[in-house]
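Report on the structure given below.
Nothing in this text is a laboratory measurement; each read-out follows from the coordinates by a stated rule. Note that the coordinates shown come from a computational prediction; the quantities given were computed from them, not determined experimentally. Cβ placement follows ideal geometry from the backbone for every residue including glycine, while neighbour counts extend to all protein chains displayed.
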Amino acid sequence: MRINGQSARTIWPEPARDAVHIIDQRALPHRLVFERLGAVEAVYIAIRDMWVRGAPLIGATAAYGVALQTNQDVSDAALERCAQRLASARPTAVNLAWAVQRMRRRLLACPLAQRRQAAWDEADAIAEADVHTNEAIGRHGLALLRELAARKSGPLQVLTHCNAGWLATVDWGTATSPIYQAHAAGLALHVWVDETRPRNQGASLTAWELGHEGVPHTVIADNAGGHLMQRGQVDVVIVGCDRVSAGGDVCNKIGTYLKALAAHDNGVPFYVAMPTSTLDPTLADGAAIPIEERSAREVTHVSGRAVDGSLVEVQLVPDGTVAANPAFDVTPARLVSGLITEHGVVAANAAALRDLWLLNAKENP
Ligand code: MRU
């Protein structure tokens with residue numbers, strides 16, 4: 001997608017294959033900062049501390065982390081250590097473990113002398129596939145948005161939570177891909193952007209990227225969504241996901257579940273954009289999904305730009321206040337209208353997801 005009219009991606013390797021470049025998302029929307037990551041540990045820290053975030057992007061970043069490892073030591077032991085380290089950076093989004101496992105399997109099956117080349121090729125393939133997957137999700141989602149738009153007059157009102165945009169992927173985004181494609185196709189739409197406390201990925205990242213694409217949008221406090229749905233001001237909710245169980249339960253950014261409940265109560269369709277790499281067929285239901293508990297400081301403090309232009313962090317709560325910070329929640333499958341995947345829109349149930357998994361395995365052996 002575009003930054004100030006220029007095409008951009010969130011991650012790209014250096015031509016000499018000795019580093020990978022990323023956007024440091026902690027500085028957005030106020031500053032555009034690029035970072036060069038030249039070692040596995042730097043990649044680990046960038047994922048853990050959310051310089052990069054979003055399920056598909058942390059997967060692609062970790063894949064390049066494994067590629068960086070092969071510049072130093074291609075032995076089985078070094079690759080296993082590296083895979084373990086990177087996979088442990090964040091627990092909830094399954095794309096991280098998925099990408100690391102794919103790299104690990106590919107490289108361990110490869111002669112030592114070919115491992116470096118194979119690693120960079122495989123990481124590139126993971127990044128490229130992410131772009132194609134998200135573009136396809138956008139096409140299927142666009143058909144859905146067209147159908148919904150045909151039933152009403154005026155711009156289609158879409159609500160989204162967190163950032164499942166291009167910043168959360170290599171390009172396009174998942175939940176935003178149908179939005180970008182609809183906007184490009186001339187479909188009138190407006191996006192309600194949940195601010196997404198505590199880290200405010202909606203207010204700082206989704207608003208920033210929609211702005212650069214010229215998509216009309218309004219940031220709302222997280223608590224406003226239910227009210228807007230009750231008043232008929234939301235036609236559809238589209239969110240991303242970090243892990244989907246075999247039965248269709250959807251784990252996504254904290255607060256997603258409340259939006260799904262409100263959508264259900266008000267008859268608003270609730271769709272989840274899901275690359276097949278976010279499906280975890282090993283978990284029957286969402287109760288077993290590990291939920292990342294992040295630092296309480298993300299709740300007790302907030303960062304932003306001061307009037308003098310400096311970036312500051314301020315404290316919100318009385319000194320010594322205890323805070324809890326579960327970063328994700330699980331929306332039961334029964335509240336999900338459908339999963340928008342690269343293979344089409346599928347039902348959030350075990351039978352449909354089994355078929356999807358088999359189809360995906362057939363197309364990507
Ligand atoms: O903690 P984050 O910012 O990594 O969480 C991101 C989300 O929850 C996204 O909705 C999800 O990863 C889907 S991104 C296409």
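Kindly provide the Kirkwood hydrodynamic radius of the chain in Å, to one decimal, from all pairs of distinct alpha carbon atoms. All intermediate terms of the calculation are to be shown ahead of the outcome.
On the way: mean 1/r = 0.0482 Å⁻¹.
Answer for the chain: a Kirkwood hydrodynamic radius of 20.7 Å.
Stretch Asn4-Asn364 to full length: gain in nm at 0.36 nm per residue minus the Cα-Cα span?
Values: separation 360, 0.36 × 360 = 129.60 nm, distance 3.56 nm.
Here the answer is 126.0 nm.
Sorted from fewest to most neighbouring beta carbons within 10 Å, what does the list Arg334, Arg85 look like?
Ascending number of Cβ neighbours within 10 Å: Arg334, Arg85.
In nm², what is the average projected area of the convex hull enclosing the Cα atoms of region 2-129? Could you put the intermediate results ahead of the total?
Numbers: hull surface 29.7 nm².
Dividing the Cα hull surface by four gives the mean projection, 7.4 nm².
When only DSSP loop residues count, what GluC sites (Glu not before Pro) in region 284-365 have their Cβ near at most 16 other Cβ atoms within 10 Å? Could you put the intermediate results ahead of the total?
Numbers: sites: Glu292, Glu293, Glu298, Glu313, Glu342, Glu363; in loops: Glu292, Glu342.
The qualifying sites are Glu292.
So if the hydrodynamic radius of region 28-76 is defined as the Kirkwood radius over C-alpha pairs, what does Stokes-Einstein give as its diffusion coefficient at 20 °C and 1.002 mPa s, in µm² per second? Provide the component values of the computation, followed by the final result.
Numbers: Rh = 11.6 Å.
Translational diffusion coefficient: 185 µm²/s.
Can you tell me how region 159-277 classifies by the Cα gyration tensor, rounded, prolate or oblate, using a/c under 1.5 as the rounded cut? Mind showing how you got there, number by number?
Values: a/c = 1.34, a/b = 1.07, b/c = 1.25.
Note, shape of region 159-277 comes out rounded.
With the cut-off at 1.5 for a/c, could you classify region 180-234 from its C-alpha gyration tensor as rounded, prolate or oblate? Numbers along the way, then the final one.
On the way: a/c = 3.38, a/b = 1.22, b/c = 2.76.
Because a/c hits 1.5 or more and a/b fails to exceed b/c, region 180-234 counts as oblate.
Under a plain spin-label model, where a point goes 7 Å from the Cα along Cα-to-Cβ, how far apart in nm are Asn223 and Arg36?
Going by the 7 Å Cα→Cβ label model, 4.7 nm.
In region 1-46, what trypsin sites (Lys or Arg not before Pro) fall in a loop by DSSP, with at most 14 other Cβ atoms inside 10 Å? Don't skip to the end; give the middle numbers.
Working: sites: Arg2, Arg9, Arg17, Arg26, Arg31, Arg36; in loops: Arg9, Arg17, Arg31.
The qualifying sites are Arg31.
When only C-alpha pairs under 8 Å and at least 6 residues apart count, what is the relative contact order of region 132-363, in percent?
Working: 481 pairs, mean separation 49.0, N = 232.
After rounding, I find 21 percent.
If you keep only loop residues by DSSP, which trypsin sites (Lys or Arg not before Pro) in region 157-263 have at most 10 other Cβ atoms within 10 Å of their Cβ?
Working: sites: Arg199, Arg231, Arg243, Lys253, Lys259; in loops: Arg199, Arg231.
For trypsin sites (Lys or Arg not before Pro) across region 157-263 that sit outside H, G, I, E and B with at most 10 neighbouring Cβ atoms in 10 Å, the list reads Arg231.
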